[in-house]
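Coordinate-derived values only; no laboratory data. Values in this document were obtained by computation on a predicted structure and should not be read as measured data. Because the Cβ atoms are built from the backbone with ideal geometry, glycine has one as well, and the counts that use them run over all protein chains shown.
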Amino acid sequence: MQEQAVAWRHAGDEIGVVPTMGALHAGHDSLVARARRENQRVIVTVFVNPAQFGPNEDFARYPRPFDQDRARLEALGVDAIFHPAVDQIYPPAFKTRVDPGPLAEVLEGKSRPGHFAGVLTVVLKLFNLTQPKRAYFGQKDFQQVVLVRQLVRDFGLPVRIVAVPTVRHTDGLAISSRNAYLDPGQRQLAPAVHHAITEAAHGFAGGETDPVRLEALTRERLAATPGLVLDYVAVVDDTTLSRPAHAIPGNVLAVAVKLGSIRLIDNVVLGAERL
Ligand code: PAF
């Protein structure tokens, strides 16, 4: 992969990479389409990264429909699919890990210790193997975008991180590979998450800038949906992940809930035209 990527770079082509864990859906399609528009070469990586799953998480049962993914990517016209085996990325002698620091310990990181260390370690390796000028990530995994940008800044990586808006089902639920785990009843309740954050974002647009009140509004709305268990709701700065004294456009309202054993996350950028 690296030899091919270096050859493309030497030929003057800019490379866009879309890192994925496969089980591709419309959200990934929009990442690939954006990469296709902005680069001469597009590489999609398909790798279910064991290092970012906790011991009680779904690594073993995470969907791996590779033949379908390949057909989908061929139809989208990518230049390469990089689908390494686990021991190619993590051979027995592999020892080094990225330590993402304190931003990895809040929000998602609080419930998923070690998750972002695993993400940043594999992302750093995938960047080195694919030599991208630009890398494309979904805004749905907002904290992941913040931490990948931190990785790029801290290590001086020559990659621009592009965050692509979340793609939603018509009822508002953010499209995610893990939605496949929802049973029909849970699937019906799941859009409540989007409705709650949209209502809070409208509150912000209507002049409410107290982050605590915006969070309370979201919490109340979610509490009206039986079966949804709130993990966190937070209005945060999009770089420091700390709560601002007053919410301003560009701050992010992020939410995580559990529906049975299934964890759903979503977020909205306050003041953004597209809600
Ligand atoms: O967002 C994902 O699918 C994964 O966290 C990523 C970025 C591919 C790293 O394994």
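Helix 192-205 sits at what angle to the longest principal axis of the chain, using alpha carbons and giving 0 to 90 degrees rounded to 10?
Approximately 70 degrees, to the nearest ten.
Rounded to whole Å and ordered largest first, report the semi-axes of the equivalent ellipsoid of region 115-193 derived from its Cα gyration tensor (root of 5λ).
Values: eigenvalues 185, 32, 22 Å².
That gives 30, 13, 10 Å for the three semi-axes.
Can you give the translational diffusion coefficient of region 166-275 in µm²/s, computed by Stokes-Einstein from the Kirkwood radius over Cα pairs at 25 °C and 0.890 mPa s?
175
With N set to the number of residues, divide the alpha-carbon radius of gyration of region 212-273 by 2.2 N^0.38 Å and report two decimals.
1.15
Pulled fully out, how much extra length does the chain show between Ala85 and Arg61, if you take 0.36 nm times their separation in residues and subtract their Cα-Cα distance?
Difference between extended and current length: 7.0 nm.
Using a cut-off of 14 Å between beta-carbons, work out the net charge of the residues near Gln186 (Lys and Arg +1, Asp and Glu -1, Gln186 not included).
Summing Lys/Arg as +1 and Asp/Glu as -1 gives +2.
Can you give the extra length, in nm with one decimal, that the chain gains between Ser261 and Asp99 once fully stretched, where that is 0.36 nm per residue apart less the Cα-Cα distance?
Result: 55.5 nm gained on full extension.
Mind pulling the angle between the C-alpha long axis of helix 66-76 and the longest principal axis of the chain? Nearest 10 degrees, somewhere in 0 to 90.
That helix lies at roughly 90 degrees to the long axis.
Pairs of lysine in the chain with Cα under 23 Å and at least 8 positions apart or on different chains: total?
6
Between Gln188 and Glu208, what is the FRET efficiency for a Förster distance of 30 Å, r being their Cβ-Cβ separation, to the nearest 0.05?
Working from the Cβ atoms, E equals 0.55.
What's log10 of I(q)/I(0) for the chain at q = 0.07, 0.08, 0.09, 0.13 Å⁻¹, Debye sum over Cα points only, no solvent?
For the chain, the Cα-only Debye profile gives -0.25, -0.33, -0.43, -0.90.
On a full-extension model of 0.36 nm per residue, what is the gain between Gln40 and Arg168, subtracting their alpha-carbon distance, rounded to one decimal in nm?
That pair, Gln40 and Arg168, stretches by 43.3 nm at full extension.
Note down the nm distance, to one decimal, between modelled labels 7 Å out along Cα→Cβ at His246 and at Ala7.
5.8
Take the alpha carbon atoms of region 163-214, find their center, do the same for region 97-134, and report the distance between the two centers in whole angstrom.
If you average the Cα positions of each part, the centres end up 25 Å apart.
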